[in-house]
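To start, the structure itself, in structure tokens.
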Amino acid sequence: MAGTRAAIRYAKAVLSLANEQKKADVVNSDMKLIAETIAENVELGSVLNNSVIKAEVKKTALLAIFPNLSEITTGLFDLLISNKRINILNDVALKYSVLFDAYNGKEIAQVTTAFPMNNDLEIKVLAKVKELTSKAVELENIVDENILGGFILRIGDMQYDASVSNKLNKLKREFTLN
């Protein structure tokens, strides 16, 4: 929990600095690259979390893996290392992207379907999104065969459940109550 709060504070500070220098887009690209790389490479995450490995070795590794980052992002590495917080780099990168999207009025909507979305379903989901929010939304499709059909839409803390399994459960409850 404390790591998450710290990650949010660092992400807010980096976003503020990046906005001042008009480099928020560049830093967002850096943060997405960092988050994707750490997610795909378990060893990198282990190195960052290992307290036995010296901070300078971690910094050298990060600069070798990410040679073309902005000065703001490499400055974040230095700051996290000097504060002995380099282990939360992934959390900071993820929080930065969320804050950046919120700052720009964009949100990610998770759409859970029983099968990968086709164009027809995507159009229906986007229509429902327009009803629920005025923000620009990027769809993220999650496939879960347990919902049987339809979709479950989650935008921030709102959820709209148009799944077949939900409708069947409602019918089941109605029959058991009567």
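The values are calculated or read from the model by the stated rules, or taken from the named source; none is laboratory data. In this text, all values refer to a predicted model and were calculated from it rather than measured experimentally. Ideal geometry is used to build each Cβ from the backbone, glycine not excepted, and the neighbour counts take in all protein chains shown. Note: areas computed on protein heavy atoms with side chains; ligands, DNA, RNA excluded. Shrake-Rupley method; radii C 1.70, N 1.55, O 1.52, S 1.80 Å.
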Please report, in debye to the nearest 20, how large the charge dipole of segment 1-120 is about its Cα centre when each Lys and Arg carries +1 at its beta carbon and each Asp and Glu carries -1 there.
520
For the chain, the charge dipole (Cβ of Lys, Arg +1; Cβ of Asp, Glu -1; about the Cα centre) points to a positive end, and the Cα of A64, Q21, A35 closest to that extreme belongs to Q21
5 Å is the cut-off here: which amide hydrogens, built 1.01 Å from N in the peptide plane, fall below it relative to A109, excluding neighbours closer than 5 in sequence?
E138, L139, E140
Grab the DSSP H runs of the chain that are 4 residues or longer, score each as -39,500 (n - 2.57), total them, divide by all residues and round the 222 nm result to the nearest 500 deg cm²/dmol.
-20000 deg cm²/dmol
Per residue, how much accessible surface does segment 48-116 expose to a 1.4 Å probe? Answer in Å², no decimals.
53
What whole number of Å gives the distance from the Cα centroid of segment 58-109 to the Cα centroid of segment 110-146?
29
In whole Hz, with x marking every Gly and Pro, tabulate ³J(HN,Hα) for segment 71-78 from phi via Karplus 6.51 cos²θ - 1.76 cosθ + 1.60, θ = phi - 60°.
4, 5, 5, 5, x, 4, 4, 4
In square angstrom, rounded to the nearest 10, how much accessible surface does V98 have for a 1.4 Å probe?
100
Hey, what angle do you get for helix 119-132 against the long axis of the chain, alpha-carbon based, 0 to 90 degrees rounded to 10?
80
Of the accessible area of the chain, computed with a 1.4 Å probe and all protein chains kept, carbon and sulfur make up a percent value of 54
